[in-house]
Structure formats: structure tokens, C-alpha cells
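Data block below; observations after.
The values are calculated or read from the model by the stated rules, or taken from the named source; none is laboratory data. On a predicted model such as this, the values are computed, not experimentally measured, just so you know. Reconstructed Cβ throughout: ideal geometry from the backbone, glycine too, with neighbour counts over all protein chains shown.
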Amino acid sequence: MSDKNKNISDDGLLWDNFLSGNKDAYNLIYEKYSKRLLVQGLQFTPDRDLVKDAVHDVFVNIYRNRAKLGTVGNIKVYLFIALRNSIITSLKKRGQCFDRLGEMPEDFTVGSDSIEEEYISKEYKIEKQRLVSKILSLLPVRQREVVHYRFFESMSIDEISELMNMNYQSVQNLLQRSLKKINEYLKIHQKK
């Protein structure tokens with residue numbers, strides 16, 4: 001990373017630089033969040049093209065409207081909200097209801113950055129990934145969404161509350177119900 005980019009690596013400063021018209025800041029935001037948004041979007045719909053278009057729309061819209069945008073507390077949450085709204089709008093245009101989205105795509109896997117895990121047996125890893133994908137696909141959309149935010153995106157309950165437009169206690173309750181269902185599915189799977 002160049003010295004110029006190091007100065008804007010902090011998210012708050014990065015966003016402020018972007019709002020000021022710094023194209024490097026915009027590019028860094030895109031590099032940092034575009035893949036995460038794609039993965040996030042696939043939690044809502046298996047339609048990869050729709051998700052790619054929604055991610056594209058999010059970045060085009062923030063660039064076009066940067067003069068109207070204000071400071072945000074958390075870029076990731078802001079972009080996730082924008083993506084979620086974009087996907088919901090696209091689905092409504094197609095006549096699909098957000099709460100009736102299909103299962104997760106078959107090729108969805110839970111990634112890992114750990115080098116050690118690359119040496120674990122491929123069969124074992126593939127089986128575990130299939131199990132996680134299957135269990136997550138069995139959850140209702142809102143439960144799958146809250147689990148993804150909490151455990152795959154490491155968001156706080158407050159951030160999830162803001163993103164999902166729910167109060168703090170409702171998010172905690174939804175998360176607890178989700179974990180309970182996951183545990184039930186795991187117990188059933190272990191008996192097999």
C-alpha cells in the first residue's frame with residue numbers, strides 16, 4: 001500500500017476522503033468491500049447476476065451521490081444496508097418477495113483464510129462445508145441473515161440492529177432462535 005493510501009486506510013478517514021472526491025479512497029472502499037458485498041448478497045438470493053448488479057449499483061450510487069452523503073459510523077454496515085435495499089428493490093421489480101427467497105446456492109461455501117486448513121483432508125473440508133451450507137439453507141431468511149452478520153461478518157448486535165432495522169432485543173432473540181435451530185440440526189446430523 002502506498003503512503004498515500006496508508007493515510008486513508010482508517011474507515012472513517014477513508015469515507016471522509018471519498019466524500020471529498022478522492023478517487024483512491026473510492027477505489028479502496030471498492031477493493032475492501034466489493035467481494036464481501038457479493039458474498040452477503042448471495043445470502044439473500046442465489047441469483048449471482050442480480051447480486052453482481054446490486055453490488056455494482058451500490059458503488060455507482062454512492063459515487064454519484066457522494067456530494068449528498070454524510071459521515072457514516074461504519075462503512076460496512078452502510079454498504080450492507082445499501083446492498084440489502086438494492087436487492088429488495090430488484091426482487092420487487094421482478095415480483096419476488098424478499099421473505100420467500102430460495103435456498104442458498106449449491107456452490108456456496110464457507111471460506112477460510114487459514115493456511116493450516118488447506119492441508120486438512122479435502123473430503124473432510126468439503127463435507128463440513130456442505131453441512132454448514134445445508135444447515136444455513138434450512139434456516140428462514142431472517143435467521144440466516146442474522147447468523148451471517150454475527151458470525152461471518154463479525155458484526156455487533158448494535159450493528160445488526162441498525163442493518164436489519166430491528167431493536168437490540170429482537171436481534172438477540174432472533175440470533176438465539178437461530179442458534180437453537182442450528183444445534184437441533186447438528187444433533188440430528190450427528191445421529192446419522
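Listing for the model above:
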read-out	value
Sole residue being out of contact with any strand residue (DSSP E or B) (no Cβ under 7 Å at 6 or more places or on another chain), outside the structural domain of Ser161 (by TED's automatic domain parsing) and at pLDDT 85 or above, chosen from Asp53, Asp3, Asp11	Asp53
Selection within region 149-173 - of a type in the set (D, E, K, R) and either closer than 13 Å to Ile81 by Cα or part of a helix (DSSP H, G or I) (or both)	Arg150, Asp158, Glu159, Glu162
